[in-house]
Amino acid sequence: VPVLLLGETGSGKEVIARAIHERSPRSRGPFLRVNCGAIPSELIDAELFGHEKGSFTGATATRRGWFERADEGSLFLDEIGELPLAAQVRLLRVLQDGSFERVGGEHSIKVDVRVIAATHRDLAGMVQRGMFREDVWYRIAVFPIVLPPLRERYEDIPLLAEHFARRAAVRFGLKLQLPTPADCVLLSTYPWPGNVRELSAVIDRAALLGDGERLEVARALGVSTTTTALPASSPTSPLVTETDAPLLLSLDDVAKKHIEQALVAGQGQHMGT
């Protein structure tokens, strides 16, 4: 059945979509991802359903669309809330009976595709406001899965941070350094607006800043070095008292400070030579 993944940006919707595909009888078939919000509205039909040669200016050859290429596999429609209403009409037919026509085509094409859709938007609210078709909503929301934001599952941070640290060591060719309990406490004080994707980026940055000697989690998060020491609390606890909480800068401020420090260091080296 179709699956609808609901969650904030960076919460891991594509990871879950791939897991659903890989653990299904369709795992031997293709898994294709389409970002519905990244396709120009005038090209959506051609991208999803393909087109015949000569069907429009620039169509110099027949092209299969995403549904046709995903036959016997799974098609991940990311950010489906961005799909225009006109495209939703054609999508409904595929969801109903698995058939469609290429742009400029005259023959119906039948496919066997499992649709996994995802969005960070309130689709139910969009249906009420007439911004998303109700019939399409019922078709794609047969099995909805809500992915909680990272700030609602702080207990997952130690395991996720360790996973990303191991991956960073391999990617960057560094000696493996795992997050300490103090690192995990520090990570649990951050609200993570970018969710798991942001945590991955912070651990990558911490690994690079530590150069294989340590994970520079504080620097990666932009924690002020003049703040008080972290309290001795559980590494999975999201609660830090207000008086003991480290001062967290925005990621833009972190990047700015890091660039400034690099410029100072580089200029000093130049002057020394």
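The values are calculated or read from the model by the stated rules, or taken from the named source; none is laboratory data. The structure displayed is predicted, hence computed values, not measured ones. Cβ coordinates were reconstructed from backbone atoms using ideal geometry, including for glycine residues, and neighbour counts include every protein chain displayed. Heads up: the accessible areas ignore ligands, DNA and RNA and are worked out on the full protein's heavy atoms, side chains in. Shrake-Rupley method; radii C 1.70, N 1.55, O 1.52, S 1.80 Å.
Just the residues that are of a type in the set (A, V, I, L, M, F, W, C) and either open to solvent by 10 Å² or more (accessible area, probe 1.4 Å) or within 14 Å of Asp78 (Cα to Cα) (or both), please, taken from the stretch 120-138.
Leu123, Ala124, Val127, Met131, Trp137, listed by residue number.
State whether the residues of the stretch 53-68 include one that is open to solvent by 20 Å² or more (accessible area, probe 1.4 Å), closer than 20 Å to Asp122 by Cβ, in contact with a Ser or Thr (Cβ under 6 Å, 6 or more places away or on another chain) and of a type outside the set (Asp, Glu).
Initial filter on the stretch 53-68 (open to solvent by 20 Å² or more (accessible area, probe 1.4 Å)): 53-58, 60-64, 66, 68.
Narrowing the set further to residues that are closer than 20 Å to Asp122 by Cβ leaves none.
Scanning the stretch 53-68, I find no residue that is open to solvent by 20 Å² or more (accessible area, probe 1.4 Å), closer than 20 Å to Asp122 by Cβ, in contact with a Ser or Thr (Cβ under 6 Å, 6 or more places away or on another chain) and of a type outside the set (Asp, Glu), so the answer is no.
Suppose we filter Arg167, Arg205 for residues that are at pLDDT 50 or above, within 26 Å of Gly12 (Cα to Cα), under 25 Å from the mean Cα position of the chain (by Cα) and surrounded by 17 or more Cβ atoms within 10 Å (Cβ to Cβ); which single one remains? So that I can check it myself, show each step before the final result.
Details: Arg167 fails: surrounded by 17 or more Cβ atoms within 10 Å (Cβ to Cβ).
The unique qualifying residue is Arg205.
May I ask you to list the residues in the stretch 25-60 that are under 24 Å from the mean Cα position of the chain (by Cα), closer than 20 Å to Glu101 by Cβ and part of a loop (DSSP other than H, G, I, E, B)?
Matches in the stretch 25-60: Ile39 only.
Hey, could you check the stretch 170-186 for residues that are in a helix (DSSP H, G or I) and not hydrophobic (A, V, I, L, M, F, W, C) and say which is surrounded by the most Cβ atoms within 10 Å (Cβ to Cβ)? Steps first, please.
To start, the set of residues in the stretch 170-186 that are in a helix (DSSP H, G or I) comprises 170-172, 181-186.
If we keep only those that are not hydrophobic (A, V, I, L, M, F, W, C) too, we end up with 171, 181, 183.
Details: Arg171: 12, Pro181: 14, Asp183: 26.
Going through the qualifying residues, I end up with Asp183.
One line per residue, one yes/no per condition, for (1) open to solvent by less than 50 Å² (accessible area, probe 1.4 Å); (2) at pLDDT 90 or above; (3) small (Gly, Ala, Ser):
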{"residue": "Arg102", "(1), (2), (3)": "yes, no, no"}
{"residue": "Ser108", "(1), (2), (3)": "no, no, yes"}
{"residue": "Ala118", "(1), (2), (3)": "yes, yes, yes"}
{"residue": "Ile140", "(1), (2), (3)": "yes, yes, no"}
{"residue": "Pro144", "(1), (2), (3)": "no, yes, no"}
{"residue": "Glu152", "(1), (2), (3)": "no, yes, no"}
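Could you give every pair whose Cβ atoms fall below 7 Å, whose first residue belongs to the stretch 11-26 and is open to solvent by less than 20 Å² (accessible area, probe 1.4 Å), and whose second residue is among the hydroxyl-bearing types (Ser, Thr, Tyr) and part of a loop (DSSP other than H, G, I, E, B), counting only separations of at least 6 or pairs across chains?
His21/Ser27
Inside the stretch 27-52, can you point out the residues that are β-branched (Val, Ile, Thr) and either farther than 30 Å from Trp192 by Cα or surrounded by fewer than 15 Cβ atoms within 10 Å (Cβ to Cβ) (or both)?
Ile44
For the stretch 75-93, check the following and say yes or no: at least one residue is among the polar types (S, T, N, Q), open to solvent by less than 50 Å² (accessible area, probe 1.4 Å) and in a loop (DSSP other than H, G, I, E, B).
Scanning the stretch 75-93, I find no residue that is among the polar types (S, T, N, Q), open to solvent by less than 50 Å² (accessible area, probe 1.4 Å) and in a loop (DSSP other than H, G, I, E, B), so the answer is no.
Taking the stretch 76-133 only, how many residues are basic (Lys, Arg) and within 20 Å of His21 (Cα to Cα)?
Summing the residues that are basic (Lys, Arg) and within 20 Å of His21 (Cα to Cα) in the stretch 76-133 gives 1.
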